[in-house]
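Step one of this worksheet: look at the structure below.
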Amino acid sequence: MAADLIILICSEAWQLLSARDGQVAAEDLSVSGDRLDRAAAEQIASVVRKRGGGGRGLALAIPSGWALAASFSTENLPRSHRHQAMTYRLEEQLPLAAEELTADFIEHGRTALGIAVRSDRLSEILFELEAAGVFVRLVCPAAILAVQGLRDRLPSSGPSFAVIVLDGRVELVGLRDGRPMSWESLPPEPTGLVAAVRAGMLSAGEDEPLPILTCELAERPRRELAAVGDAHVDAVADASALDLVGRGAPAVLAGRMRPWCNLRRDRLAPADRLRPVRAALTACAATFLMLLVALIAAAAWRASRQEALAEGYRADQAAVFRKLYPGRAVPTAVHWRLEAEARRLSGLRGGSAEAPTRRSGLERLREVFARLPGGIAVQVLELRIEPTGFLIEGRVKGHVDAERIASSLQESPALEVDSPRTERLPKVVAFTLTGRFADAREEWTVP
């Protein structure tokens, strides 16, 4: 399993964090400052390839000094173009214009924490990394990634604080229900930290002592924090701040967790968004084409096999025809001719229960007229006798006469008569009667 890689931009030398199975290893890169040239990007790409990671993209953890953060209300914001509307509302809290920023937001109820960075500060770094073959999928402040690495230890409900010492700064993140609601980057002196925590407790409006989770915080600041409202201060003893950064990013890169903040968007979005999954998509397309070719080949083989079987059956039928009728030309549809002859001979012999019963049309006509009632004036316009049924169209004086005719025919066990269809015309009633012969069988048709 390949390691997940995080490029950590520090105040001194940049670092490459490799995370695998919960273990994080760090190594210094030959890059420092806030600029990245082509040669340095090639060196980073070489190290990334050597570590065998980055197949699904890397994370770029930026320092707190590069980011701007502010909390604001989201009331009365429109649903459409909401991200843009929140960017303009964040602009009111920051000294930069919205057009210069790339921002992401962590919403909670009617408030949101906005985290932004100057687009031009990161665009050149991302461009050089992408040109060197390093795909950056996640851009997030290192402090937010570290707090996300503490997600399993944070209270799932109510307000709390996380204090992490990272790159010489004290990162204070206020949380509610396990999600960041405020973020301050403070100098290492405990005075400012205590004041910020006290202000956060007052804004939270909770009477009970709030839990505070710390990482790499010195003993003295921890004691002073514990004295603020009798807060419950716990220290993370089994992980460093770099370990937390290395634990927060892999779950996001693997898709198991949605990042709290990802600034790889808008002006900082990748040129090729499908790059992490392009190899998988190509493999899927190749597999689909191979399956399609296999299906076409199987269908062609099946068609040829069926054609061969059909040709064999036609040859067998032709042989039977030549045996029965020597000297006669074999017709095109041999099976039709053989079936017709079999039916004809079976009817002549009378030895088959399937032989059709042939009765003349005059006999059928007599069966119908014998059942017509007397004493009714009826004008027959059309009388149609078929092998299996009959139709009578005519006119009578009233609807009752049409019903009497139908009832009389229905009394015959040899006839199955439907209800009459009638229509009132001037002075007369038109009727239509249809029925079937109970003993009728389908006549054979010999081609």
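Can you tell which of Arg256, Arg265, Arg222 is of a type in the set (D, E, K, R) and loosely packed, with under 11 Cβ neighbours inside 10 Å?
None of the other options fit; the residue is Arg256.
Quick one: count up the residues across the stretch 393-424 that are touching a Ser or Thr at 6+ places or on another chain (Cβ under 7 Å) and either more than 13 Å from Val380 (Cβ to Cβ) or β-branched (Val, Ile, Thr) (or both).
Number satisfying all stated conditions: 5.
Tell me yes or no: at least one residue of the stretch 118-130 is modelled with pLDDT of 90 or more and under 22 Å from Phe72 (Cβ atoms).
yes
Of the residues that make up the stretch 33-45, is at least one in contact (Cβ under 8 Å) with a residue 40 or more places away in the chain, closer than 27 Å to Pro159 by Cα and crowded, with 20+ Cβ neighbours inside 10 Å?
no
Do the conditions hold for Ala271, that is, is it outside any helix (DSSP H, G or I) and more than 19 Å from Ile164 (Cβ to Cβ)?
yes
When residues of the stretch 30-75 are filtered for being out of contact with any Ser or Thr (no Cβ under 8 Å at 6 or more places or on another chain), more than 22 Å from Ile144 (Cα to Cα) and of a type outside the set (Asp, Glu), how many remain?
So the count comes out to 16.
Looking only at the stretch 144-157, decide whether some residue is more than 24 Å from Gly22 (Cα to Cα) and either surrounded by fewer than 19 Cβ atoms within 10 Å (Cβ to Cβ) or touching a strand residue (DSSP E or B) at 6+ places or on another chain (Cβ under 6 Å) (or both).
Yes, the stretch 144-157 contains a residue that is more than 24 Å from Gly22 (Cα to Cα) and either surrounded by fewer than 19 Cβ atoms within 10 Å (Cβ to Cβ) or touching a strand residue (DSSP E or B) at 6+ places or on another chain (Cβ under 6 Å) (or both).
Right, Ala146: assigned to a helix (DSSP H, G or I) and free of Cβ contacts under 8 Å to residues at least 40 places away in the same chain or not?
So Ala146 does not fit the description; no.
Looking at the stretch 360-374, can you tell me whether even one residue there is modelled with pLDDT under 80 and within 28 Å of Phe437 (Cβ to Cβ)?
Scanning the stretch 360-374 turns up at least one residue that is modelled with pLDDT under 80 and within 28 Å of Phe437 (Cβ to Cβ).
Go through the stretch 389-419 and give me each residue that's surrounded by 13 or more Cβ atoms within 10 Å (Cβ to Cβ) and under 60 Å from the mean Cα position of the chain (by Cα).
Matches in the stretch 389-419: Gly389, Phe390, Leu391, Glu416, Val417, Asp418.
The values are calculated or read from the model by the stated rules, or taken from the named source; none is laboratory data. All of these numbers come straight from a predicted model, not from anything done at the bench. Positions of Cβ are backbone-derived with ideal geometry, glycine not excepted, and every protein chain shown enters the neighbour counts.
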